[in-house]
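What follows is a set of notes on a single structure, which appears directly below.
The values are calculated or read from the model by the stated rules, or taken from the named source; none is laboratory data. What you see is a predicted model; the values in this text were computed from it and never measured. All Cβ positions, glycine included, derive from the backbone under ideal geometry; neighbour counts span all protein chains shown.
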Amino acid sequence: MIVQDEFVDLETPSGPMRTHIVRPVAPGCYPGIVLFSEIFQVTGPIRRTAALLAGHGFIVAAPEIYHEFEAPGLALAYDEDGTKRGNELKTTKELAAYDADARAVLDFLPTHSNCNGSLGTLGICIGGHLAFRAAMNPDVLAGVCFYATDIHKRSLGRGTNDNSLDRLSEIKGEMLMIWGRQDPHVPREGRRLLYEAMSDAELNFQWHEFNAAHAFIRDEGPRYNPAAAQMCYSMALELFKRKLNGGDLLNRSTLEGSQEARH
């Protein structure tokens, strides 16, 4: 599918949030995916990820995760200064603001004329953590997390000690968790901690580890692994096409209706 770009400034408790929309040009209604970026915001690689997803029949919304601190449309550079700034803002922003931002995009997508109401999340690096937390919203049917940082360390947001590990049982959709074994940001011990927590909570999830470094799906820089990235995107698309076709929404509404009838 050919895709097109647009943007909308969504209102949040911490101010307007520029949100980039990439969607098929062809008329119709498509499932919605919230795409959470790395610490660098909506860069070229993130936009190309959005286009890849949209080209397979999804409407993709990528919010600027640091909208309170940076001018609309700004993307940080993949260099030392950009990395320093992104990491600084990661623990400057309030955890509640991250959650409110996610809710704003999830509320917006079903109102878009090209969205059918089925919702999923996908995130990369810090975005993987944000996609994980966004999946705690009951209307999210599927989530994909690429090497989600800081879950095991409880270090997202101001003051750190976030509660993602405590709240993971709230996730009701199916999750796809993807990691690089050579990623120093999420070592073996951290991955094991999260795997055990998700297993103990009896979540519905897939878990895949690649012999790859951090940022291995980013199509810029020396750590890019094109073959592994292609496999990862294929798995993500399989999950979204299987879960966001309305079947789960139908089953859920039918179940809720039968429960109400028994009362």
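Can you confirm whether LYS172 is in a loop (DSSP other than H, G, I, E, B), closer than 26 Å to SER118 by Cα and of a type in the set (Lys, Arg)? Here the answer is yes, as LYS172 does meet what is asked.
Being closer than 21 Å to ASN87 by Cβ and of a type in the set (A, V, I, L, M, F, W, C) is a description that applies to ALA148. Inspect region 83-102 for any residue being on the phi > 0 side of the Ramachandran plot, of a type in the set (S, T, N, Q) and either assigned to a loop (DSSP other than H, G, I, E, B) or surrounded by 23 or more Cβ atoms within 10 Å (Cβ to Cβ) (or both) and give the result as yes or no. No, region 83-102 contains no residue that is on the phi > 0 side of the Ramachandran plot, of a type in the set (S, T, N, Q) and either assigned to a loop (DSSP other than H, G, I, E, B) or surrounded by 23 or more Cβ atoms within 10 Å (Cβ to Cβ) (or both). When restricted to residues that are in a loop (DSSP other than H, G, I, E, B) and closer than 20 Å to ASP99 by Cα, region 7-41 contains 11.
Annotation note: Cβ proximity below 6 Å between a residue of region 131-152 that is part of a loop (DSSP other than H, G, I, E, B) and a residue that is at pLDDT 95 or above and of a type in the set (D, E, K, R) (sequence gap 6+ or interchain) occurs for MET136/ARG167; MET136/GLU170; PRO138/LYS172; TYR147/ASP183. Taking the conditions (1) buried (at least 23 other Cβ atoms within 10 Å of the Cβ); (2) in contact (Cβ under 8 Å) with a residue 60 or more places away in the chain in turn, GLU220 satisfies each one other than (1). Residues to consider are ALA51, ALA71, ALA61, ALA75; find the one that is in contact with a strand residue (DSSP E or B) (Cβ under 8 Å, 6 or more places away or on another chain), under 18 Å from ASP101 (Cα atoms) and either buried (at least 18 other Cβ atoms within 10 Å of the Cβ) or at pLDDT 95 or above (or both). Answer to the check: ALA61.
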